[in-house]
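Each remark here refers to the structure printed beneath this line.
The values are calculated or read from the model by the stated rules, or taken from the named source; none is laboratory data. For clarity, every value in this text was computed on a predicted model and none was experimentally measured. Heads up, the Cβs are rebuilt from the backbone with ideal geometry, glycines too, and the neighbour counts pull from every protein chain shown. Accessible surface is based on the protein model in full, side chains and every heavy atom, while ligands, DNA and RNA are left aside. Shrake-Rupley method; radii C 1.70, N 1.55, O 1.52, S 1.80 Å.
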Amino acid sequence: QVQLVESGGGLVQAGGSLRLSCAASGRTFASHAMGWFRQAPGKEREFVAVISWNGGRSIYANSVKGRFTISRDNAKNTVYLEMSSLKPEDTAVYYCAGEVDYNGPNYAPTSPSQYDYWGQGTQVTVSS
């Protein structure tokens, strides 16, 4: 019953910035930890960032650490991914994901198998 819809993707030049949004609807009480993943053609879906239910803990993949920032606004049922200093290697379809079960305010899983709901994805293309 939870729907996640990503937006904000597009084409940018290397070094540019984008802000992705993921709006949740439905039974939002079932969306606790929220994560961002990405998948490029021919590659497995990889972890990007996750934020805990209360927003107090965030974890980033080493490849994006220092460049990406994840945040959430529970009042708006929205999670964001601010991306800066974008590189061609960041080109991928970006997906947001939500975890149903509550495992504590600071729980922040990093594996796709730990999530229950997924958005449709938004394309991010970084040109050189």
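Under a crude label model (7 Å from the Cα following the beta-carbon direction), how far is Leu11 from Ser113 in nanometres?
That separation, rounded to one decimal, is 3.9 nm.
According to a simple spin-label model (label point 7 Å from Cα along Cα-to-Cβ), what is the distance in nm between Ala75 and Val100?
3.0
Using a simple charge model, +1 on the beta-carbon of Lys and Arg, -1 on the beta-carbon of Asp and Glu, nothing else, what dipole does the chain show about its Cα centre, in debye to the nearest 20? Walk me through the intermediate numbers first.
Values: 11 positive and 10 negative charges, 43 e Å.
That gives a dipole near 200 debye.
How much accessible area per residue does the chain have, counting only protein heavy atoms and a probe of 1.4 Å, in square angstrom? Please list the in-between numbers first.
Numbers: 6340 Å² over 128 residues.
Solvent-accessible surface per residue comes out at 50 Å².
Counting only protein heavy atoms and a 1.4 Å probe, tell me what percentage of the chain's accessible area is made up of carbon and sulfur. Could you put the intermediate results ahead of the total?
Working: 2930 of 6340 Å².
So the carbon and sulfur contribution to the accessible surface is 46 percent.
Quick check on the chain: of the DSSP beta bridges with both residues there, what percent are antiparallel, nearest 5%? Could you put the intermediate results ahead of the total?
Numbers: 36 of 40 bridges.
Close to 90 percent.
Excluding residues fewer than 8 places away in the same chain, name every one of the aspartates and glutamates whose C-alpha is closer than 16 Å to that of Lys65.
Cα-Cα hits under 16 Å: Glu46, Glu82, Glu89, Asp90.
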